[in-house]
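Just so it is clear, none of the values below were taken in a lab; they were calculated from the coordinates. Because the structure is a prediction, the values reported are computed rather than measured. Neighbour counts run over all protein chains shown; Cβ positions are idealised from the backbone, glycine included.
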Amino acid sequence: MLCSHILFAISVLADGGTLICKAYEIETQFTAGLVYLLYRQFENVTIVKPVTSRPINSERYIIAKCKVGDSHNLEEYLLEHLFRHKNSSLGNLVPPAITNENLFSKYIFRSYKTLAEKQLLHIENLINYGRYVQLEQSEIQRKFSKYAYSKWNIPLAKINRV
């Protein structure tokens, strides 16, 4: 699904345009290949996790800014790959040796590491908040917490404070 969304987006996106795509499994070799192809077609590619996303959720956004040049070759390549794998797993989009290219590999590793560290920090904060009754929230934090718990379908009565 992610590959088809990106294929559609780059086929209609003007030169200099920005692509924003929601992704859930960015740690796979396939997605790393997809990010690599975007990395080659756009001036700037970033992977972000929204602050409003649940800490445990694997939701991420791939943001590719400033499309450079004609994307016809990339479109053809993605379309061919989709047709070749239409009844099976999509496999690797590009050979692992390419995604292991030094600069790109460092970028992907840094992105994944930063996102994982932030996610762990948020989970730790949630655990600490539940563990220590003496922690005080500001009024805006209380409102945001109440809103977030309702959006995440977590009943406030079930939050145990030790």
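Between the beta carbons of Thr28 and Asp70, assuming R0 = 25 Å, the FRET efficiency works out to 0.35 to the nearest 0.05. Pairs spanning more than 24 Å between alpha-carbon atoms, out of Lys67/Lys151; Lys118/Lys146; Lys65/Lys106; Lys49/Lys113; Lys67/Lys118; Lys113/Lys146: Lys67/Lys151; Lys67/Lys118; Lys113/Lys146. Compared with the direct C-alpha span, the chain from Ile123 to Ser150 gains 7.9 nm at full extension, assuming 0.36 nm per residue.
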